[in-house]
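Student: Please read through the structure below; I'll follow up with questions.
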Amino acid sequence: MFKSVKSFKLLVGLFAAVALLLGNGFYTPADAAPKYRWKLAQTWGSGFPIFGDAVIEMADLVKEMSNGEMEIRIDSANKHKAAFGILDMVNAGQYEMGHSASYYWKGKDANTMFFTTMPFGMIAPEQYAWFYYGGGMELMKKVYDKHGVYAFPGGNTSNQMGGWFRKEINSLDDLKGLKMRIPGFAGEVLSKLGVVVTNIAPGELYTALDRGTIDALEWVGPSLDLNMGFQKIAPYYYTGWHEPATELQFLVNQKKFDALPKHLQTILTTAMKVAAYDMYANSYHASAINWASIEKEYPDVKIRTFSPKIIAAMKKANEELLTEMSAKDPTFKEILTSQKEYMKKARKWTAISDYAYLKDNLE
């Protein structure tokens, strides 16, 4: 095992350099002057931690491993002003790349939601295994081919919290008429239970909650939530059910990618994979650190878990919606079947390994 992400990056860089020399002949630094200058649009604002860090790391790796032959400029939502327009901009070639979350495109193509996360679905290790060894990458390519874009895993937050609420949720009646920011399929589930669902760009979340435009929101978890300041407005913090393995995506314009030399295609895909895994580790670390601080620094925050009755209603609504959408769309059904069958196999191992260990060793 590698002792650090840094040592792994160095090995990847060495491998890429050797491959480049063997495949293309020796060259001088002058030969590697930037020939490919790409632009990437991200959903996140400038300086956004963890998510934005992954994008910066990817771009730095590409530049380093290509010896400066390829550079990627990052434009935040502050500049392009289209936080939820990433897919369209990459498809149109306005940007060669993007970084966002697939479930933001559910109105355009509901099948994209599967590649971020689904309620009551796989946890991060299970989902990564599905992506790389269980057919997930092939299914993601099938869906995104229609949009002229290649999609790659772009970093995982692991299990997300169920959200911040101004009032305690004790019954299903408390959900009716509640205005909540929650994206993806979870929004469909809660809408079925009477919640008034909306999606708001990350940079506008605090203001919307503070002004009462919404009564509740979910964002990520302690890794990012405390920095956003939601604990100052909504005292009830609920555990998760809706996003057990939230994977972001790197999107790449297919024509632009196919036009790259093979060695740059390899460098780019390797850089994305390294940055995605590093984001997973970074997010988990930040959540662990921030979670430990909640009780001490924010004593007014009340940690809650939705009641068994509410969870049962969510599961019922979830299954009804999945059945309904599967009947309408063969591709939706294909991806759902793939995930369910893989989770059934993987969950048996999860139960006898991680779950059994934690159950016996949690203090």
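The values are calculated or read from the model by the stated rules, or taken from the named source; none is laboratory data. No experiment lies behind these values; they were computed from the predicted model shown. Note: ideal-geometry Cβ built from the backbone for every residue, glycine included; neighbour counts use all protein chains shown.
Student: Within region 36-50, identify whether any single residue is modelled with pLDDT of 95 or more, crowded, with 19+ Cβ neighbours inside 10 Å and either β-branched (Val, Ile, Thr) or in a helix (DSSP H, G or I) (or both), and answer yes or no.
Tutor: yes
Student: It is to be established whether one or more residues within region 299-309 are assigned to a helix (DSSP H, G or I) and at pLDDT 95 or above.
Tutor: yes
Student: Pick out the one residue from Met325, Met343 that is in a helix (DSSP H, G or I), modelled with pLDDT of 95 or more and under 22 Å from the mean Cα position of the chain (by Cα).
Tutor: Criteria check complete, one pass: Met343.
Student: In region 339-363, which residues are farther than 18 Å from Tyr132 by Cβ and either in contact with an Asp or Glu (Cβ under 6 Å, 6 or more places away or on another chain) or assigned by TED's automatic domain parsing to the domain that holds Ile123 (or both)?
Tutor: none
Student: Among the residues in region 240-251, are any charged (D, E, K, R), closer than 22 Å to Ala54 by Cα and assigned to a helix (DSSP H, G or I)?
Tutor: Among the residues of region 240-251, not one is charged (D, E, K, R), closer than 22 Å to Ala54 by Cα and assigned to a helix (DSSP H, G or I), which makes the answer no.
Student: Among (1) surrounded by 15 or more Cβ atoms within 10 Å (Cβ to Cβ); (2) out of contact with any strand residue (DSSP E or B) (no Cβ under 9 Å at 6 or more places or on another chain); (3) under 27 Å from Ile335 (Cβ atoms); (4) at pLDDT 95 or above, which single condition is Glu188 missing?
Tutor: (2)
Student: Now for a separate question. Can you tell me which residue in region 196-239 is surrounded by the fewest Cβ atoms within 10 Å (Cβ to Cβ), limited to those that are in contact with an Asp or Glu (Cβ under 6 Å, 6 or more places away or on another chain) and among the hydrophobic types (A, V, I, L, M, F, W, C)?
Tutor: Ile233
Student: A further question follows. Going through Ala259, Ala312 one at a time, which residue ends up being out of contact with any helix residue (DSSP H, G or I) (no Cβ under 9 Å at 6 or more places or on another chain) and not assigned by TED's automatic domain parsing to the domain that holds Pro153?
Tutor: Selected residue: Ala312, the only one of Ala259, Ala312 that is out of contact with any helix residue (DSSP H, G or I) (no Cβ under 9 Å at 6 or more places or on another chain) and not assigned by TED's automatic domain parsing to the domain that holds Pro153.
Student: Every residue in region 79-93 that is free of Cβ contacts under 8 Å to residues at least 40 places away in the same chain and surrounded by fewer than 18 Cβ atoms within 10 Å (Cβ to Cβ), please.
Tutor: Lys79, Lys81, Asp88, Ala92
Student: Criterion first (in contact with a Pro (Cβ under 9 Å, 6 or more places away or on another chain), more than 26 Å from Tyr238 (Cβ to Cβ) and not β-branched (Val, Ile, Thr)) does Ala288 satisfy it?
Tutor: Spelling it out, it is not the case that Ala288 is in contact with a Pro (Cβ under 9 Å, 6 or more places away or on another chain), more than 26 Å from Tyr238 (Cβ to Cβ) and not β-branched (Val, Ile, Thr).
Student: Restricting the first residue to region 268-291 and requiring it to be over 27 Å from Lys63 (Cα atoms), which pairs with a second residue that is acidic (Asp, Glu) meet a Cβ separation below 7 Å and a spacing of at least six or different chains?
Tutor: none
Student: On to the next question. Tell me, please, whether a residue that is out of contact with any Cys (no Cβ under 8 Å at 6 or more places or on another chain) and either on the phi > 0 side of the Ramachandran plot or loosely packed, with under 13 Cβ neighbours inside 10 Å (or both) can be found in region 270-286.
Tutor: yes
Student: The conditions are (1) under 30 Å from Leu268 (Cα atoms); (2) in contact (Cβ under 8 Å) with a residue 24 or more places away in the chain, and Tyr236 fails exactly one of them. Which is it?
Tutor: Only one criterion is unmet by Tyr236, namely (1).
Student: Out of the residues in region 60-73 that are in contact with a Lys or Arg (Cβ under 8 Å, 6 or more places away or on another chain) and closer than 17 Å to Asn253 by Cα, state the one that is surrounded by the fewest Cβ atoms within 10 Å (Cβ to Cβ).
Tutor: The extreme case among them is Arg73.
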